[in-house]
Amino acid sequence: MMTKNSKKGPLAGVRVLELGGIGPGPFAAMMLSDMGATVIRLVRGQGWDKHPILNRGRVTIEVDLKNPESIEAVLTIARGCDAVVEGFRPGVAERLGLGPKDLHALNPKLVYGRMTGWGQDGPWASAPGHDINYLSLTGGLHAIGPKDGDPVPPLNLVSDFGGGGMLLAYGIVCALTNTQKSGEGQVVDAAMVDGTSLLLAMTHGLLADGSWRDERGSNMLDGAAPFYRTYRCRDDRHMAAGCVEPQFYREFLRVLGLADDLLFADQHDRTRWDEQGTRIAALFATRTRAEWEQAFADTEACTTPVLSLSEAHHHPHMAARATLAEHDGIVQPMPAPRFSGTPASAPEPQAAVASSIEAALAEVGLSAEEASRLIAAGVLAAPDRRG
């Protein structure tokens with residue numbers, strides 16, 4: 001059960017109201033909770049998301065946002081919070097009476113974080129979409145995939161989580177820092193198209209100086225270079241080569257037995273990349289991934305096994321750092337980054353019981369009597385009571 005001051009981390013003491021959504025909004029709230037913030041997650045109706053990782057570390061409360069009394073309860077909670085995470089389409093929060101102006105009238109110091117795909121304005125602001133759509137409009141999707149093939153979506157990592165949820169968490173923390181100085185809150189407009197474009201900053205720079213071709217599978221970092229790509233092994237598993245610097249490239253060639261082969265004398269001769277890649281691929285196909293992993297062990301060739309999701313947490317390095325660990329019966333990523341002076345606690349599972357809800361509400365200023373009354377009246381509901 002979450003109790004006052006029970007959480008540790010650099011954001012301990014920060015109180016966040018999460019207006020429940022899917023994907024990047026909950027991910028941002030998870031990041032804040034991982035770092036010690038108390039996050040109260042409000043969801044509409046009985047369709048609450050039970051995701052065991054994205055929703056970890058906070059309480060979940062059901063609310064009926066069509067009920068005026070529930071809206072008043074949400075406003076009361078917001079009055080005692082430092083930040084809000086909201087992921088509705090533009091205009092929805094305002095129609096509910098939960099927009100920035102409504103909440104700032106009650107709590108001028110509130111940081112109001114908004115998560116959308118297209119942003120709060122622009123001709124597509126109210127259009128539906130998903131990660132692949134936001135990624136496609138930024139140019140990022142066009143750049144990912146084989147030269148003679150179709151663009152390949154990199155899961156939904158780039159726009160949803162990197163350019164979306166992580167950007168929102170960063171924006172909220174930046175705004176909270178400013179509030180400490182100015183005493184005033186503000187709105188954080190985190191749009192996935194903006195964040196994804198920001199992640200492409202280096203690529204845009206390379207394009208501007210002429211060192212990047214705006215065509216898929218033709219550049220050093222998009223799979224064209226034989227020293228920065230994956231290779232299939234005899235057992236149909238893969239190794240990943242990333243030996244960009246010349247000293248690492250030389251070590252790569254040494255392990256492969258190609259150190260004296262003139263074909264590989266000029267690492268950056270693009271006219272030879274295809275032939276070089278064919279030769280290297282043929283070599284990798286002669287051994288299993290385990291054999292190649294052993295061959296490259298204790299070298300500086302920057303060549304590593306391509307692990308599956310279920311294999312990753314067993315790797316000695318990942319295990320030693322507990323980057324992925326089994327917690328509450330689930331293998332999951334641990335909070336990151338790590339802090340020397342204010343380390344985060346191990347993540348707690350999502351709490352959805354009345355006692356946890358009452359404790360969390362107490363942190364934002366509701367008395368035990370008021371919290372109990374709202375829960376008993378069904379204005380705020382513990383999901384476990386709804387079956």
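The values are calculated or read from the model by the stated rules, or taken from the named source; none is laboratory data. Source: prediction; values computed, not measured. Here Cβ is always computed from backbone atoms with ideal geometry, including for glycine, and neighbour counts include all displayed protein chains. SASA here: full protein model, heavy atoms, side chains in, ligands and nucleic acids out. Shrake-Rupley method; radii C 1.70, N 1.55, O 1.52, S 1.80 Å.
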Which of the residues spanning region 184-217 are in contact with a Pro (Cβ under 8 Å, 6 or more places away or on another chain) and over 27 Å from residue 88 (Cβ atoms)? 216, 217
Across region 112-130, what is the number of residues that are out of contact with any Gly (no Cβ under 9 Å at 6 or more places or on another chain) and either within 13 Å of residue 83 (Cα to Cα) or of a type in the set (Gly, Ala, Ser) (or both)? 2
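Confirm whether residue 109 is outside any loop (DSSP other than H, G, I, E, B), of a type in the set (D, E, K, R), closer than 26 Å to residue 85 by Cβ and at pLDDT 95 or above.
Numbers: outside any loop (DSSP other than H, G, I, E, B): no; of a type in the set (D, E, K, R): yes; closer than 26 Å to residue 85 by Cβ: yes; at pLDDT 95 or above: yes.
Against the criterion (outside any loop (DSSP other than H, G, I, E, B), of a type in the set (D, E, K, R), closer than 26 Å to residue 85 by Cβ and at pLDDT 95 or above), residue 109 does not qualify.
Conditions (1) crowded, with 20+ Cβ neighbours inside 10 Å; (2) not in a helix (DSSP H, G or I), marked per residue:
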| residue | (1), (2) |
| --- | --- |
| 147 | no, yes |
| 150 | no, yes |
| 159 | yes, no |
| 163 | yes, no |
| 195 | yes, no |
| 207 | no, no |
| 211 | no, yes |
| 222 | yes, yes |
Output the number of residues of region 69-92 satisfying the condition of being crowded, with 22+ Cβ neighbours inside 10 Å and closer than 15 Å to residue 185 by Cβ. 7
With the checklist (1) in contact with a Phe, Trp or Tyr (Cβ under 9 Å, 6 or more places away or on another chain); (2) within 18 Å of residue 143 (Cα to Cα); (3) buried (at least 18 other Cβ atoms within 10 Å of the Cβ) in hand, flag the one item residue 216 doesn't pass. (1)
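Listed residues 275, 300, 326; which is open to solvent by 90 Å² or more (accessible area, probe 1.4 Å) and part of a loop (DSSP other than H, G, I, E, B)?
That would be 300, the only listed residue that is open to solvent by 90 Å² or more (accessible area, probe 1.4 Å) and part of a loop (DSSP other than H, G, I, E, B).
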Could you check region 224-251 and list, in sequence order, the residues that are open to solvent by less than 50 Å² (accessible area, probe 1.4 Å), within 11 Å of residue 303 (Cβ to Cβ) and out of contact with any helix residue (DSSP H, G or I) (no Cβ under 6 Å at 6 or more places or on another chain)? 240, 241, 242, 248, 249, 251
When residue 142 is evaluated against the numbered criteria (1) under 20 Å from residue 29 (Cβ atoms); (2) in contact (Cβ under 8 Å) with a residue 12 or more places away in the chain; (3) not basic (Lys, Arg), which criterion, by number, is the only one it fails? (1)
If only one of 176, 168, 200, 106 is open to solvent by 60 Å² or more (accessible area, probe 1.4 Å) and either under 25 Å from the mean Cα position of the chain (by Cα) or over 30 Å from residue 272 (Cβ atoms) (or both), which one is it? 106
Among the residues listed as 62, 69, the single one being part of a strand (DSSP E or B) and modelled with pLDDT under 95: 62
